[in-house]
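Peer 1: Here it is, the structure, as structure tokens.
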Amino acid sequence: MDAFLSSLAKQAPKSARPAVLGDVLSFDTHPAIPEDLLECYVDWEQDFNPRSDKYIAFKAQNVTAGDLKPMVRVFVQSDFYEQRFGDKTGIATFPVTPEWQYGQLNKTGAGRFLVLHDKTNTPFQSRFVATLFTQLGSVLHDALCARGYVPIADSLEDIEDEYFGEYLYSFNTVVTQGGDALIIPSVPIQYWFQNPKTITWSHLLSNEHKEYYGFMVPNETQKGQDVMFFIQKEWWDTDNISENHISKIAKKNANGDYRVVIGPKFQYGQADKTGKNRWVVYHDEDRKPPQHCFVKSISETPIDGVVGAIFGPQAESALEDTARSLGDLLGYDGLDTFT
């Protein structure tokens, strides 16, 4: 096996984690390699009619996650690209806001790519993957065939089938239920909100200050869509031996992440009784923080719309009202327990 096939066989570089709400990404608007920024057409069928639109495809570096090189595939509809980046030169940056959507390879969030476009466009996730291989795959296919690796070359055509036959996902729309499996990181990972977070509340005439980690994690049961997850600090720290430590209730998957199944030990908060904007908490149930305390812990983000996307538009509005407390605006409801 020569160096070419050897390099192909190696696992492609991956981002430190899937891109999530609030992440800041950067990319070169005029890369040295033309294939790093392409114009391409995505074709699909919608309402029984053929549709096609032009997108700009490029790779971006997830600055928030600590990536050292561009590893996140991004598609931006051409007129959106012109509005956002048309006048940019050199390195451009952008935050992941609720207007973005995403697709991914599997239920762990692997292979996640980002899309910014008119959301009335509804191509399947696989159409974006097919577009890339139309643009780039023929070059690799021909190179492999020339070297005698026809079976490997032919397998490229099957890669797009690995992606879900699903539409793109919007951020934080999933309603996590008891029995769902979440994929929780087992090592420290950078997020736009700094970990650990201190949650503060009053209980029995005393003030409580407890530390939690917060992660945006894939809900494996619900096709890998994201959910906000909080965990009591000492129940995640690697040097803790508590019987409630996450390692005692969950096994690691092939990627080294914890696969946690939601049960009666887990609690949740939500924007309303329909389950909208539900987030999950794993902690000592003797702790009684009102739901709004978790909203406050994530309120430092300067990126418009992120808090509203995680906790609901009422939470976003409440943060803008400096005359009244979050508790007065959002209520003092406690967390509910999964059954």
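Peer 1: Is at least one residue of the range 185-194 assigned by TED's automatic domain parsing to the domain that holds Phe266, of a type in the set (S, T, N, Q) and either surrounded by 20 or more Cβ atoms within 10 Å (Cβ to Cβ) or farther than 24 Å from Gly256 by Cα (or both)? So that I can check it myself, show each step before the final result.
Peer 2: Step one: of the range 185-194, the residues assigned by TED's automatic domain parsing to the domain that holds Phe266 are 185-194.
Subsequent filtering for residues that are of a type in the set (S, T, N, Q) retains 186, 190, 194.
Adding the requirement that they be either surrounded by 20 or more Cβ atoms within 10 Å (Cβ to Cβ) or farther than 24 Å from Gly256 by Cα (or both) leaves none.
No, because not a single residue in the range 185-194 is assigned by TED's automatic domain parsing to the domain that holds Phe266, of a type in the set (S, T, N, Q) and either surrounded by 20 or more Cβ atoms within 10 Å (Cβ to Cβ) or farther than 24 Å from Gly256 by Cα (or both).
Peer 1: Just checking, does the range 207-228 include any residue being within 30 Å of Asp304 (Cα to Cα), among the small types (Gly, Ala, Ser), touching a residue at least 60 places away in the same chain (Cβ under 8 Å) and part of a loop (DSSP other than H, G, I, E, B)?
Peer 2: As a first pass, look at the range 207-228 and keep what is within 30 Å of Asp304 (Cα to Cα): 208-228.
Still in the list and also among the small types (Gly, Ala, Ser): 214, 224.
Subsequent filtering for residues that are touching a residue at least 60 places away in the same chain (Cβ under 8 Å) retains 214, 224.
Next cut, part of a loop (DSSP other than H, G, I, E, B) only: 224.
Looking through the range 207-228, at least one residue is within 30 Å of Asp304 (Cα to Cα), among the small types (Gly, Ala, Ser), touching a residue at least 60 places away in the same chain (Cβ under 8 Å) and part of a loop (DSSP other than H, G, I, E, B).
Peer 1: If you don't mind, there's one more thing I want to ask. In the range 153-206, what residues are modelled with pLDDT under 85, more than 30 Å from Leu335 (Cβ to Cβ) and not in a loop (DSSP other than H, G, I, E, B)? Steps first, answer last, please.
Peer 2: Our first condition is that a residue be modelled with pLDDT under 85; within the range 153-206, this holds for 153-165, 172-173, 192-194, 203-205.
Checking which are more than 30 Å from Leu335 (Cβ to Cβ) leaves us with 153-165.
Ala153, Asp154, Ser155, Leu156, Glu157, Asp158, Ile159, Glu160, Asp161, Glu162 - these are the residues of the range 153-206 that are modelled with pLDDT under 85, more than 30 Å from Leu335 (Cβ to Cβ) and not in a loop (DSSP other than H, G, I, E, B).
Peer 1: Residue pairs, Cβ under 7 Å, 6 or more apart or interchain, first in the range 39-54 and assigned by TED's automatic domain parsing to the domain that holds Val76 and within 14 Å of Asp79 (Cβ to Cβ), second outside any strand (DSSP E or B) and among the charged types (D, E, K, R). List them.
Peer 2: Val42/Arg127
Peer 1: Looking only at the range 292-300, decide whether some residue is at pLDDT 95 or above and among the acidic types (Asp, Glu).
Peer 2: Quick first cut of the range 292-300, residues at pLDDT 95 or above only: none.
No: zero hits.
Peer 1: Among the residues of the range 47-60, are any surrounded by 18 or more Cβ atoms within 10 Å (Cβ to Cβ), at pLDDT below 95 and under 19 Å from Val217 (Cα atoms)?
Peer 2: Among the residues of the range 47-60, not one is surrounded by 18 or more Cβ atoms within 10 Å (Cβ to Cβ), at pLDDT below 95 and under 19 Å from Val217 (Cα atoms), which makes the answer no.
Peer 1: Which of the residues spanning the range 284-339 are outside any helix (DSSP H, G or I) and of a type in the set (D, E, K, R)? Spell out the reasoning first.
Peer 2: In the first step, residues of the range 284-339 are kept if they are outside any helix (DSSP H, G or I); the result is 284-290, 298-305, 312, 321-325, 331-339.
Listed by number, the residues that qualify are Asp284, Glu285, Asp286, Arg287, Lys288, Glu300, Asp304, Asp321, Arg324, Asp333, Asp336.
Peer 1: Among the residues that make up the range 236-247, is at least one of them crowded, with 19+ Cβ neighbours inside 10 Å and over 16 Å from Phe215 (Cα atoms)?
Peer 2: No; the residues of the range 236-247 include none that is crowded, with 19+ Cβ neighbours inside 10 Å and over 16 Å from Phe215 (Cα atoms).
Peer 1: Can you find a residue in the range 207-216 that is surrounded by 13 or more Cβ atoms within 10 Å (Cβ to Cβ), closer than 29 Å to Thr120 by Cβ, modelled with pLDDT of 90 or more and assigned by TED's automatic domain parsing to the domain that holds Arg287?
Peer 2: Scanning the range 207-216 turns up at least one residue that is surrounded by 13 or more Cβ atoms within 10 Å (Cβ to Cβ), closer than 29 Å to Thr120 by Cβ, modelled with pLDDT of 90 or more and assigned by TED's automatic domain parsing to the domain that holds Arg287.
Peer 1: Hey, can you tell me all the residues within the range 18-46 that are charged (D, E, K, R) and at pLDDT 90 or above?
Peer 2: Filtering the range 18-46 down to residues charged (D, E, K, R) leaves 23, 28, 35-36, 39, 43, 45.
Across the range 18-46, the qualifying residues are Asp23, Asp28, Glu39, Asp43, Glu45.
Peer 1: Just the residues that are in a loop (DSSP other than H, G, I, E, B) and free of Cβ contacts under 8 Å to residues at least 60 places away in the same chain, please, taken from the range 98-117. Don't jump to the end; show me each part of the working.
Peer 2: So in the range 98-117, the residues in a loop (DSSP other than H, G, I, E, B) come out as 98-100, 104-112, 117.
The answer is Leu105, Gly111.
Peer 1: Scan the range 14-27 and tell me whether some residue there is of a type outside the set (Phe, Trp, Tyr) and exposed (fewer than 12 other Cβ atoms within 10 Å of the Cβ).
Peer 2: Kept after step one, since they are of a type outside the set (Phe, Trp, Tyr), are these residues of the range 14-27: 14-26.
If we keep only those that are exposed (fewer than 12 other Cβ atoms within 10 Å of the Cβ) too, we end up with none.
Checking the range 14-27: not a single residue is of a type outside the set (Phe, Trp, Tyr) and exposed (fewer than 12 other Cβ atoms within 10 Å of the Cβ).
Peer 1: Of the residues in the range 81-96, how many are in contact (Cβ under 8 Å) with a residue 60 or more places away in the chain, in contact with a strand residue (DSSP E or B) (Cβ under 9 Å, 6 or more places away or on another chain) and more than 15 Å from Ala65 (Cβ to Cβ)?
Peer 2: Let us first name the residues in the range 81-96 that are in contact (Cβ under 8 Å) with a residue 60 or more places away in the chain, namely 89-96.
Still in the list and also in contact with a strand residue (DSSP E or B) (Cβ under 9 Å, 6 or more places away or on another chain): 90-96.
Those left that are additionally more than 15 Å from Ala65 (Cβ to Cβ): 90-92.
So the count comes out to 3.
The values are calculated or read from the model by the stated rules, or taken from the named source; none is laboratory data. This one's a predicted model, so the numbers in the text were calculated from it and none came from an experiment. Here Cβ is always computed from backbone atoms with ideal geometry, including for glycine, and neighbour counts include all displayed protein chains.
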